[in-house]
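The values are calculated or read from the model by the stated rules, or taken from the named source; none is laboratory data. Remember, it's a predicted structure, so these values are computed and weren't measured experimentally. A quick note on method: Cβ atoms are made from the backbone with ideal geometry, for glycine too, and the neighbour counts reach across all protein chains shown. When the accessible area is computed, the model is the full protein with side chains, heavy atoms only, and any ligands, DNA or RNA have been set aside. Shrake-Rupley method; radii C 1.70, N 1.55, O 1.52, S 1.80 Å.
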Amino acid sequence: MSKASRFRLRSLGLAAGVLAVVLSAPAGAGTLETVKQRGTLSCGVSEGLNGFSEKDAQGRWAGFDVDFCRALAAAVLGDPQKVTFTPLTASQRFDALKAGQVDLLSRNSTWTLGREAELGLAFAGITYHDGQGFLAKRALKVDGALALDKAKICVEAGTTTQINLADFFRANSMTYEEKAFPKSSEAFAAFESGQCDVLTRDQSALYGERLKLAKPADAIVLPDVISKEPLGPVVRSDDFPWFTVVKWVNFALINAEELGISATNLDEALKSQKPDVRRFTGAEGGFGKALGLDADWAVRAVKATGSYAEIYERNLGTDTKLAIPRALNQLWNTGGVLYAPPMR
């Protein structure tokens, strides 16, 4: 064999070796690995919404959306306190997520086709089934949305709320005077000061806004719901493993309620011989490894925040100042639409 032939063979062998290394090398670290290496979860939340995400005088965040972040941190990092919260306006939230400033959004963001297809985002399920409503001054003497013709209405600009408002009035051949503001806090302030007679937001948010008024009894949340507002955690669409983890933490909290597993009876669940419960606790199935998490990831999430029912009742339920009925947010087998795929 000539020297030239031997050189070509060696070159081919080297190229094959390099190719094998490239093909076997792991891809760049995804969000899950980044969160583990960093040791904290970065969660984008609203600037302050009663019952969902609000910061107290000591700087501690609490609320329904905040609890989801804590459950996720517990599942991934083993500690619900390893979360940093970044308050974001409606206009900031998606850009901040796409830029990697946060690992996910857990704030009142509506799942829509446009946001997934056009913005490169992925909604990891629904945590709260909501709908847009109206908070009206009692002085208007209206009992429903169809009586709001020619009303002055405050709304946050750049949101699905603003679009739904226009659609509702056009569909019902009514007119209104829009008062649009860049922040929800500014829209509320305008409503409070009398610049408009009506404030429109997701109905859940309106219960909280009403409580901020000097005289809450002077305003009423109208019964009408004019849209579907499925709210849930949002991640970037280019990281499927992270999307899967976030999605299944949400499903685990719902499944926990359905299985009767709570923060107070986890010890019993860990001893259970029921197949569904054993898969939930990680005693069977090996799903933690498949997700890139420890076997007890779901147990850690529930231990941190409780099941979906516990999270809801603690932050929004009938014993809270908001007292929002669960309505659609009940389990599918108790009259609601809350439904999670089985963990098997």
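Among the conditions (1) within 30 Å of residue 169 (Cβ to Cβ); (2) assigned to a helix (DSSP H, G or I); (3) touching a Phe, Trp or Tyr at 6+ places or on another chain (Cβ under 8 Å), residue 217 misses just one, which is (3). In the set (1) farther than 30 Å from residue 116 by Cα; (2) assigned to a helix (DSSP H, G or I); (3) open to solvent by less than 30 Å² (accessible area, probe 1.4 Å); (4) aliphatic (A, V, I, L, M), the condition left unmet by residue 270 is number (3).
If you go through the range 75-112 and keep only what is closer than 11 Å to residue 233 by Cα and charged (D, E, K, R), you end up with 103, 107. Among the residues of the range 304-344, those identified as farther than 27 Å from residue 132 by Cβ and either touching a helix residue (DSSP H, G or I) at 6+ places or on another chain (Cβ under 6 Å) or part of a loop (DSSP other than H, G, I, E, B) (or both) are 304, 305, 306, 307, 341, 342, 343, 344.
Taking the criterion of being touching a residue at least 60 places away in the same chain (Cβ under 8 Å) and among the charged types (D, E, K, R), the only residue of the range 179-188 that qualifies is 183.
In the range 229-253, how many are touching a Gly at 6+ places or on another chain (Cβ under 6 Å) and open to solvent by 50 Å² or more (accessible area, probe 1.4 Å)? Don't jump to the end; show me each part of the working.
So the first thing to find is which residues in the range 229-253 are touching a Gly at 6+ places or on another chain (Cβ under 6 Å), and the list is 229, 232, 237, 239, 241-242, 247, 250.
Of the ones still in play, those that are also open to solvent by 50 Å² or more (accessible area, probe 1.4 Å) are 237, 241.
Here the count works out to 2.
Close Cβ contacts (under 8 Å, 6 or more residues apart or on different chains) running from residues in the range 329-344 that are touching a residue at least 60 places away in the same chain (Cβ under 8 Å) to residues that are open to solvent by less than 70 Å² (accessible area, probe 1.4 Å) and among the hydroxyl-bearing types (Ser, Thr, Tyr) comprise 329/128; 329/312; 338/308. Whether a residue is hydrophobic (A, V, I, L, M, F, W, C), open to solvent by 50 Å² or more (accessible area, probe 1.4 Å) and part of a helix (DSSP H, G or I) was assessed, and residue 256 does not pass this test. Here residue 109 fulfils each of the conditions (1) buried (at least 21 other Cβ atoms within 10 Å of the Cβ); (2) over 30 Å from residue 30 (Cβ atoms); (3) modelled with pLDDT under 95 apart from (2). Filtered by the rule that a residue be in a helix (DSSP H, G or I) and in contact (Cβ under 8 Å) with a residue 12 or more places away in the chain, the range 189-206 gives 190, 191, 192, 203, 204, 205, 206. When every residue of the range 245-252 is checked against the conditions, at least one turns out to be farther than 14 Å from residue 296 by Cβ, in a helix (DSSP H, G or I) and among the basic types (Lys, Arg). Looking across 335, 285, one residue alone is over 26 Å from residue 62 (Cβ atoms), open to solvent by 50 Å² or more (accessible area, probe 1.4 Å) and within 23 Å of the chain's Cα centre (by Cα). It is 335.
For the range 51-70, give me each residue that is surrounded by fewer than 22 Cβ atoms within 10 Å (Cβ to Cβ) and of a type outside the set (D, E, K, R). Step through it out loud before you land on a result.
First, the residues of the range 51-70 that are surrounded by fewer than 22 Cβ atoms within 10 Å (Cβ to Cβ): 54-62.
Once the filter is applied, which keeps residues that are surrounded by fewer than 22 Cβ atoms within 10 Å (Cβ to Cβ) and of a type outside the set (D, E, K, R), the range 51-70 yields 57, 58, 59, 61, 62.
The single condition among (1) assigned to a helix (DSSP H, G or I); (2) open to solvent by 40 Å² or more (accessible area, probe 1.4 Å); (3) under 28 Å from residue 328 (Cα atoms) that residue 186 does not satisfy is (3).
The residues of the range 71-81 that are within 17 Å of residue 31 (Cα to Cα) and either open to solvent by 20 Å² or more (accessible area, probe 1.4 Å) or modelled with pLDDT under 95 (or both), listed by number, are 77, 78.
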